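Here's the structure we're looking at; comments come further down.
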Amino acid sequence: MSETRTPPADWWPRMSDAGANAEARRIINDIYRPTPPTAPIPTSYRDTTEPPNVGDAPPVWQDDRRTVPAWAAGTAVASIGIGAGTTGIGCGVWLVLKGFASMSVTGIVCMGVLLSGIAFAALSIGAAFARARRSVCKAVYTGPVTKNTHVTTHTRGTFARSHTHLHD
């Protein structure tokens, strides 16, 4: 059987009911009395708690307001284009070299003759177009031509550079 023990009579001072009500009213009024703030009200908060060493930290939303400069975007696009082009050229070279590796000496000579013929044809066509353009005369003069020229030369600057102007 358990016995209930009561504290001694002088352990807590006895109050009358009216005194206890007055003390309770005073405590309640002190708690709910409006007081002006002693320090300015903070407008921001910085969490100084350290993240845990082991485990996952809770996610924190962070606004992304970065602006990518035009030169960086252009560099990225150019890098992607160069990489894709290099990959395509590399695959083409690999296929050609793999084809050369499986050919015989006669096949390689025939391929060389073919490539030489294509190069010769391209050079011949280019030379023909260059000569055809050179022979076209755009101005025809039928009378006497008199050319009066006046040349002025200016030399200026620390590193002397001559600027020659031809006045017709």
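Treating r as the C-beta distance of C110 and T75 and R0 as 45 Å, the FRET efficiency rounds to 0.50.
Per-residue surface analysis assigns R33 an accessible area of about 130 Å², computed on protein heavy atoms at 1.4 Å probe radius. Principal axis extents of the C-alpha atoms in the stretch 64-129 (largest first, rounded to whole Å): 64, 39, 7. In order along the stretch 39-47, the phi-based Karplus estimate (6.51 cos²θ - 1.76 cosθ + 1.60, θ = phi - 60°) of 3J(HN,Hα) comes to 10, x, 6, x, 9, 8, 9, 10, 7 Hz; Gly and Pro are listed as x. Estimated at the nearest 10 Å², the accessible area of I82 is 110 Å² with a 1.4 Å probe.
Annotation for I41 and R65: the two label points, set 7 Å from Cα along the Cα-Cβ direction, are 2.3 nm apart. Each residue, V54 and A127, gets one label point 7 Å from its Cα in the Cβ direction; the gap between the two is 8.2 nm. Extension gain, A119 to I28: 0.36 nm times the residue separation minus the Cα-Cα distance gives 22.4 nm.
The values are calculated or read from the model by the stated rules, or taken from the named source; none is laboratory data. Since the model is a prediction, treat every value here as computed from it, not as a measurement. Every residue, glycine as well, gets a Cβ built from its backbone with ideal geometry; the counts of neighbours run over all protein chains shown. Only protein heavy atoms, including side chains, enter the accessible area calculation; ligands, DNA and RNA are left aside. Shrake-Rupley method; radii C 1.70, N 1.55, O 1.52, S 1.80 Å.
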